[in-house]
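Below you'll find the structure, written out as C-alpha cells, and then a few comments.
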Amino acid sequence: MISTIDYILIFGYFGLVLIAGLLPSLRKNTSSSFVDFFLAGRKVTLPFFVMSLVATWYGSIVGVGEFIYTYGIVTWFCFGVPYYLIALLFSLFVAKKIRSGNFLSIPSAVEKKFGKNHSIIVAILLLIITIPAPYALTLGVVLQMFLPLPLWATIIIGTIVSLVIVAKGGLKSDLYANALQFVLMFFGFGVLLYFSWNTFGSPIQLFEKILPTVQNSLKTHIWIIISWFIIALQTFVDPSFHQRCSAAESPKIARNGILISIVFWFLFDSLTLLTGLYSISFIPNIQPLEVYTVLAKTVLGSPWSGFFILSILSIVMSTLESYLLISSSIVSFDILEKLQSKKHSQRSHIISLLLIASIAITVAIAIPSITTIIYTAASIVVPGLLFLVLLSLHPTFSLRNNSVYYCLLLPPLFVVSSIFLSNYTSFRIPIIHDIEPMIVGMIVSFCLVIINIEKKAVNL
C-alpha cells in the first residue's frame, strides 16, 4: 500500500527531475548546433560523465529481477562479469580514439572511413537497438504501481515526461537529470538491502542458504554464461558509450570515466543481486517480474518504500531519456541531414524527438515483452555492426570497398532467417538450428571480414 508520504515523494521527484532537465535551457546564449545539443558542447566533466553513464546502464531493471528469479547467482556471471570485461577493453582501446578522432557519432566515424551511403545503413541499423521501446514499456509498468491507469496510458505518460526533460536542453539536460537519478538509484537499493539484512539476516547467512545450489547452477548454465559474454560485445556499438566519449572534455576523461563507471556498476550490481537473492530465498510464491517490488513491500514501510519507488523510476527514466536523445540524433543528424544535405536545426531536433517517442510508444504497446524487444533487436543488429565499427576506428585496416555492403547486411539477414526458420517453420538445418541466432550472425560477420580485410592507411 502506497502512503500519502510516498505519493509526495514520487510527485516531488517528478518536479525535481523536470527542473534539473530544464535548467540548461534557461541559460542565455544556448546554441542549437549538433555539438551543443547532442554532445553538450564537448565539455562533459568526469563526475557528470560517470553519473550519466552509470545511471543509463540499468533501464531493464525489472528484467534483472526476472533473470535472478530464473538463474540466481548465475546472473552476476551473465549481467556483470562479461560487461565489466568488455567495458574495460572499450576504455583501454576505443574510448580515447573516439574523442581524439572528433567523431560526432558512430555513423560519422563510419562515413569518414567507408563513405556516406554506408554510414546511412549503419544509422538505420542503430535505430533498431536505440529506439527506447523496452524502456518506455518498463517505465509504464513501474508507473502502474501507483497510478490506477491502463498500461498504454502509463507508457504514454512516462515517455512524454522523459521527452520534456531533454527536448530543450539536449544532453546537458540529460546530464543534470542523470546526476539526480544516479544518487536516487543507489540510495533506494541501499535502503532495500539494509532492511532486507535486518529482516532476514546478513549476506553471509544468505549465501549459506543458497551455497548448496551454486556450484550445480554454474555447471548447468555454463552455455548461457558463454552466450552472455558474446552478447556483451554489444557494448562496442552502444551509442550511449560513443556519445559520452565524444562529449567528454578530453580523451583522458573518456577513458577514465569508463574505468570509474565499472566500479560503480560492480557496486550497484552487488545491490541488485543481493536484494534479488534475498527475495527469491525468503519470500515464497513470488512472480518473476515482481522480485524487487514484493521484497520492498515485505521489508519497507513508509517513507522508505517511496524512496525505493524513486530508485526504480530513476533507473528506468535515465535510460529512456538518453535513448530518446540518442535515437533522435541518429534520425536528424545521421539520416535526414545526409539524405537532404541540409544543416539540422532546433526544429529538426524536436521533430526527430517526437517521431522517436511516437515509435517507442507504439512498439511498447504492441509488443509488451521487455526481454523480447531487447534481445531480438541486439541479435539482429550487433553482428552486422561490431567489426565494421571497430574497423572504422582503426587507422590501418579497412575493407575492400565493394564488400562493405555485404559485411553490413548479410549477418543481420542470416540472423533474421535463422529466427524465422526456428520459430515459424518446421525446416531444420543441422548444427545451426541448435546455435543462438546471434552467434550464427557473428560467425558469418567474422568470416566476411577476414575474407575482405585489407591493410590501408586512412587519415582519420
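Throughout, read-outs are computed from the coordinates displayed, never taken from laboratory work. Since the structure is predicted, the reported quantities are computational estimates derived from the model, not experimental observations. Methodologically, a virtual Cβ is constructed for each residue, glycine included, from the backbone with ideal geometry; neighbour enumeration extends over all protein chains shown.
Brief remarks on what is shown
- Every helix of 4 or more DSSP H residues in the chain counts as -39500 (n - 2.57), and over all residues that averages to -24500 deg cm²/dmol at 222 nm.
- Rule-of-thumb Rg ratio for segment 245-304 [Cα; 2.2 N^0.38 Å; N residues]: 1.68
- Packing-based exposure ordering (other Cβ within 10 Å, fewest first) of Phe307, Phe207: Phe207, Phe307
- Each Lys and Arg contributes +1 and each Asp and Glu -1, all at the Cβ; summed about the Cα centre of segment 4-369, the dipole is approximately 1300 debye.
- Residue exposure proxy: Asp334, Asp174, ordered by other Cβ atoms within 10 angstrom of their Cβ from fewest to most, comes out as Asp334, Asp174.
- Taken as Cα centroids, segment 296-328 and segment 92-162 sit 19 Å apart, rounded to the nearest whole angstrom.
- Taking 18 Å as the straight-line reach from the Cα of Lys112, the aspartates and glutamates in range (excluding those fewer than 8 positions away in the same chain) are Asp334, Glu337, Glu454.
- Ordering of 378-388, 222-232 by burial proxy (mean other Cβ atoms within 10 Å per residue, highest first): 378-388, 222-232
- Positive-end extreme of charge dipole, the chain - chosen from Gly169, Ser358, Phe182 (charges on Cβ): Gly169
- Dividing the Cα radius of gyration of segment 4-369 by 2.2 N^0.38 Å, with N the residue count, gives 0.98.
- Positive-end residue of Leu410, Gly15, Met438, charge dipole of the chain with Cβ unit charges: Leu410
- Across segment 4-369, the mean sequence separation of Cα contacts (distance under 8 Å, 6 or more residues apart), normalised by length, yields a relative contact order of 40 percent.
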